[in-house]
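The values are calculated or read from the model by the stated rules, or taken from the named source; none is laboratory data. From a predicted model like this one, the values you see are computed outputs, not experimental measurements. Cβ coordinates were reconstructed from backbone atoms using ideal geometry, including for glycine residues, and neighbour counts include every protein chain displayed. Areas reflect the complete protein model, heavy atoms only, side chains present, ligands, DNA and RNA absent. Shrake-Rupley method; radii C 1.70, N 1.55, O 1.52, S 1.80 Å.
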Amino acid sequence: MPPVLELRGITKAFPGVLANDHIHLTLEEGEVHALLGENGAGKTTLMNILYGLYSPDEGEIFIRGRRVEIREPGDAIALGIGMVHQHFMLVPVLTVTENVMLGVESVKHGFFLDRTSAARRIREISRQYGLQIDPDALVKTLPVGVQQRVEIIKLLYRQADILIMDEPTAVLTPQEVEELFKVIRSLADQGKSIIFITHKLKEVMAIADRITVLRNGRVVGTTTPSQTTEEQLASMMVGREVLLRVNKKPANPGETVLEVQNLEVLDDRGNLAVRGVSFEVRAGEVLGIAGVQGNGQTELVQALTGLRPLLGGRVRILGGEVTSAPPRRILERGVAHVPEDRQRDGLVLSFPVADNLVLNTYYLPPFARAGTLQQEVILTTAEQRAREFDIRTPSILTPVAHLSGGNQQKVIIAREFSRPIRLLIAAQPTRGLDVGSIEYIHQRILAKRDEGCAVLLVSPELDEVMSLSDRIAVMYEGRLMDILPADQATREEIGLLMAGVKKSENHKDTKTQRGIN
Amino acid sequence: MSVSPSTWERIAARGGISPRKARTHGLIFIGAGLLIYLLFARAAAIGETSTFVLNFGGAAETAPVPDLVLPTAPTLYALALVCAFLGGWQLARGFRRPNLALGVITGLFIWAFLTWASRGQSFNLTGMLNSALLRAVPIALAALSGVICERCAVINIGIEGMMLTGAFTATLTASLALNLWGWPSWASMPFGLICALVAGAWMGLLLAILAVRFKVNQIIAGTAINILSVGITSFLSARILAHFQQLNNTGTLQPVPIPLLYRIPVIGPVIFEQNLLVYLLYILLVVTHIVLFHTRWGLRTRAVGEHPRAADTLGINVFRVRYVNVTIGGMVAALGGAFLILGSVGRFDELMTAGKGFIGLAAMIFGKWMPFGAFGAALIFGFADALQTKLAILEVPIPSQFLLMAPYLMTIIILAGVVGEAVPPAADGQPYEKQ
């Protein structure tokens, strides 16, 4: 029997990059096939070709032995190919039923939407594959994990039997990931074939039947979980040996550097995003803040760095009051900030690397004298820092927009670490970076800790928080659920806290609730 | 009164608005009561009465309704107290639907204003409502055009120009058929209407090509359409209509009462004794609502307006949806222009739309991108417009220039966000690019 899907010699070039270089891939019926590779390895390009969003320059696609042309998503859908995109393709203001039926709407009297029969079919699918859902709920009111279920139901509703999942675990809590894996297993058992795109090694080992590794647009190899190890997969992905585990010395905490009391912050829409958060970070330790994205971490970091006004509470750095202080005063107290969105908040993309390296010190000697920038000093310093921090750039005069994500992050690290700092606030410091860059940035952060710098690390990647932190705080709906010593915390415990579940309900919580009613 | 943030949070949460807005609402309510007291109630003499006539002058067959006679001063004091009480309630407890409460307050305030303005005189309320509806029709059509375009995420600033083009085309073609070709008016007017719709479709298509195909900034594309329309219609009007008066005389549609319904007291003749274009507006409102929320096309339109990429990944042709909707939007705007001619004055004047297209956009926002919401908002603007003419007749001691500003002031106040945040379609104004 021919495989369900076969890609032969798929090639796609973008200006300056060969995104896919003669890729071969086969997918058998009922198989979970993991496509593993770093960002930029060509996984998403390949899947977009398969889904008709791009057209390949060369190569052929076969479905059950028959050669097919896929020119647009409609063709892919007709061939039974469905895709769960990394950024959900759901319309938040529509209901589950409306989202699912969109594009293949059932109508009555030839004109009116038939929501009832669509909802009935959704319930059937939901029963058959164990995907709990309320068809009448508005999508925007659903938690992320449930939204993903809607995406999967969307494919099943179209009777897709080849399911592509692009980084499906990126936005989930550990418990939700487990739930998803169960669903994937049940789908495969019922004859669906699944392509699972990821860069996370643990997940590949847990869920895949076969693994294909991509690097720089080429297939490096195909293997199975029983024949390989995480280390081998990592070196296949990166093309060299990588250190997967962070080696760190025991922490040696000193004086209290950052002290936060009852912080309250509003978000852009005027809702309370941070609800009375208190913690402290001491010199020489890493406090990690775990939590699913959008639980107030962004607002917390912006408040601490002076980018967002406080509604209430106090912030002290090295004993000095910096509540509501402007960002520059906070920076000058020795605070370094690695922002969550490096392209929006960390860099001026159209400026050259050299200028980006002095964005926080340009007004000080030796970079400025009598109100004039000293270009020569700025350039020589930039040359030196580019070497020291291994920033790969054609020139220090290249606009920073042209650098890869990893090198852009290195520019920020170089800028923030090259002055005497006492507190590092790093928000998602490795977001979207490849394994090699992650390793580098983790080592730099730990080196700062060992020098006696206090580090506040905010990240939705639980692995990152667990491997770097000395203490772990979990944030949920604007509150700190708990602060645990890292060596005693388990993934399960933190995962539950991330979902807002606490074994013994905190006394304080019930009190505040009574205050509200 | 010391109020902790959590109290505000609770009040705001009850009404689904931000804490600051909840407080502002309360203060506005109390302010309205205070204004009624200071401006109106103290000016009313004891024993004066205000008379509201509830019969529509023209309709002889309607069962007559007795006039409403109110004692001026007590009415005003009562209204002031009710406003102040509602304000206090909003500050202390919070309304579940603060915007509805705001609407009620506005209504009470206008009632107070009319009571004051008509003290010692009589005021034809039904006549004014009729005039309000007629003035609201072109605004409502403009707003509906806006709804149709923006629901698929194309901003149509060019409605004003499309209306002007529609008005001009209707004038020229209907007059031509009536006065030169000698068509009867029952044929010339539909002819003019159809020509206006065709012209509107072309204007809509032009906007769609600029905004969808060439991804021009939609505000600029719409502005260009406005300038183009003003230029062309003014030029042609000066060159043609000014010299050949018979080309600038279409006649107007006569009211057609709907049997039975127009006999309803007070509102019957206002709503059901109008010309056919007004009924066409009613039909369009219902049809647009049904299409938007209960058909395949509407679901796709809304999906394209909120998340075009999601629609694209499901095999929906985003560009086609936008082309079709914007073209229809152009036709609806042109219908608004044609109404100004065929349903109202029967002749074209340069710049005769006088900002109605823009007021229509305000009505669309106020109506939260819903057809009936937009219509309701248009009625409010029409009411403000009608009010200002009536007040001029009542010789209210307010300079006429200020009265003329009323509809525009209302637009500014409403848009400045007195009403809760209106959330536009998420992709509104953004050109869609394939990956």
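Observations
- Other protein chain Cβ atoms within 10 Å, averaged over every residue that makes up A:80-91: 3
- Each Cα pair under 8 Å and six or more residues apart adds its separation to the average, and for chain A the resulting relative contact order is 14 percent.
- With all protein chains in place and a 1.4 Å probe, the accessible surface of chain B carries 70 percent carbon and sulfur.
- Chain B shape via C-alpha gyration tensor axes, a/c threshold 1.5: oblate
- Region B:133-179 and region A:45-85 have Cα centres lying 44 Å from one another.
- For residues of B:287-300, the mean tally of beta carbons on other chains within 10 Å: 3
- Of all DSSP bridge pairs formed entirely within the protein assembly as shown, close to 60 percent run antiparallel.
- Helix-only [θ]222 nm of chain B, DSSP H runs n ≥ 4, -39500 (n - 2.57) each, per residue, nearest 500: -20500 deg cm²/dmol
- Solvent accessible area, Å² - A:Phe14, 1.4 Å probe, full protein context: 70 Å²
- Using a 1.4 Å probe over protein heavy atoms, the accessible area lost on pairing A with B, summed over both chains, comes to approximately 2400 Å².
- Antiparallel %, DSSP beta bridges [both residues in chain A], to 5: 55 percent
- With all protein chains modelled, accessible area of A:Phe111 [1.4 Å, Å²]: 100 Å²
- Cut-off of 10 Å, at most 15 other beta carbons, DSSP loop: longest stretch of chain B lacking such trypsin sites (Lys or Arg not before Pro): B:216-433
- Accessible surface computed residue by residue for the protein assembly as shown, with neighbouring protein chains in place and a 1.4 Å probe, gives 44 Å² per residue.
- Rounded to 5, the percent of DSSP beta bridges in chain B classed as antiparallel: 70 percent
- Long-range lysine pairs (8 or more apart or interchain), chain B, Cα under 26 Å: 5
- Where trypsin sites (Lys or Arg not before Pro) fall in DSSP loop in region A:183-272, at most 13 other Cβ within 10 Å: A:Arg240, A:Arg245, A:Arg269
- Exposed loop sites, defined as GluC sites (Glu not before Pro) outside DSSP H, G, I, E and B with at most 10 other Cβ atoms within 10 Å, are absent from the longest region of chain A, namely A:242-504.
- From the C-alpha gyration tensor of the protein assembly as shown, square roots of 5λ in Å: 58, 37, 28
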